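Working notes, beginning with the structure itself.
The values are calculated or read from the model by the stated rules, or taken from the named source; none is laboratory data. Not measured: the values here are computed from a predicted model. Cβ placement follows ideal geometry from the backbone for every residue including glycine, while neighbour counts extend to all protein chains displayed. Remember, those area values only see protein heavy atoms, side chains included, never the ligands or the DNA or RNA. Shrake-Rupley method; radii C 1.70, N 1.55, O 1.52, S 1.80 Å.
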Amino acid sequence: MIDLPSGPGPIGVFDSGYGGLTILHQMRNILPHYDYLYLGDNARTPYGTRSFDVVYQFTREAVLKLFSMGCHLVILACNTASAKALRTIQQNDLPSLDPQRRVLGIIRPTAECIGQITQSRHVGIVATEGTVKSQSYVLEIQKLYPDITVQSEPCPMWVPLVENNEYDSPGADYFVKKRLGNLLHRDPQIDSIILGCTHYPLLLDKILKYTPRGVKIIPQGEYVANSLKDYLFRHPEMDALCTKQGHCHYLTTESTDKFRESAQLFLHEAVDVETIALE
């Protein structure tokens, strides 16, 4: 067990880039009085095409950094990290690091909600290649709801469109239309599509444009935030270790100027950010 700060601290929120800011935004809407510490590994993004071992290594480094800065609870606001690293960190690392600390992901809360949303019991997932290959959503949904049929579609160009501020450009239409067309062609009975990447809410206008009427689009933020609220209610011992002054601080492994510019797209507000190194 390593020496970590024992007093109360902020809730840690980790993402490989900027997409986790869409999750953080909803957390702050639903739980505004808590303190948050957001860490974006922007220098090494994207994680979606990296191997399981590399994603685990990078995610573990980020979790340790957030623990060392006082966080007792860390949310992996990244689908790739949740798919490729969460289980190993929970089972192999936390018992030796500090059994009282917790790391939670964003796939299960999203999977839990789908049973009450789909009527046809046919669900689609759009996500990064890494998340699709991990089969995490398919396994999680079918474990909870064996009667639901799940189809997944990798969307390798969607994150770059968002990160390069091209999500509202005419060029984005081609990639959004193509991938949604692939998904719905394979299963025309799909009535609900999960946005299995935290960047994708910025493409929502394009996604709705190429989705048939009656098909529900499910961004993750609200479901993850409500799941966190429920978790803290059910675990008062963890809630007591979360400071509550309504503060939010941002960390990046990249340039602070670049982070401020990109964060403006996701949060529509100016942020103070500090550059750190992960090791």
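Does LYS206 count as of a type in the set (Lys, Arg) and open to solvent by 30 Å² or more (accessible area, probe 1.4 Å)?
The answer is no for LYS206.
May I ask you to say which residue of LEU31, LEU64, LEU73 is surrounded by 22 or more Cβ atoms within 10 Å (Cβ to Cβ) and at pLDDT 95 or above?
After applying the criteria, what remains is LEU73.
All but one of (1) over 26 Å from VAL63 (Cα atoms); (2) in contact with a Gly (Cβ under 6 Å, 6 or more places away or on another chain) hold for THR131; state the number of the condition that does not hold.
(1)
List, please: which pairs have Cβ atoms under 8 Å, are six or more places apart or on different chains, and start with a residue in the stretch 108-126 that is more than 12 Å from ILE193 (Cβ to Cβ) and end with one that is among the polar types (S, T, N, Q) and buried (at least 24 other Cβ atoms within 10 Å of the Cβ)?
So the pair list comes out as PRO109/GLN220.
I'd like the residue in the stretch 129-151 that is surrounded by 22 or more Cβ atoms within 10 Å (Cβ to Cβ) and within 18 Å of ILE190 (Cβ to Cβ) and, out of all such residues, is modelled with the lowest pLDDT.
Checking each candidate, the answer is THR131.
So which helices (runs of 4 or more DSSP H) stay within the stretch 2-108 end to end and still have 2 or more residues that are charged (D, E, K, R)?
Answer list for the stretch 2-108: 52-68.
Are any residues in the stretch 21-35 touching a strand residue (DSSP E or B) at 6+ places or on another chain (Cβ under 6 Å) and of a type outside the set (Phe, Trp, Tyr), and if so, which ones?
LEU24
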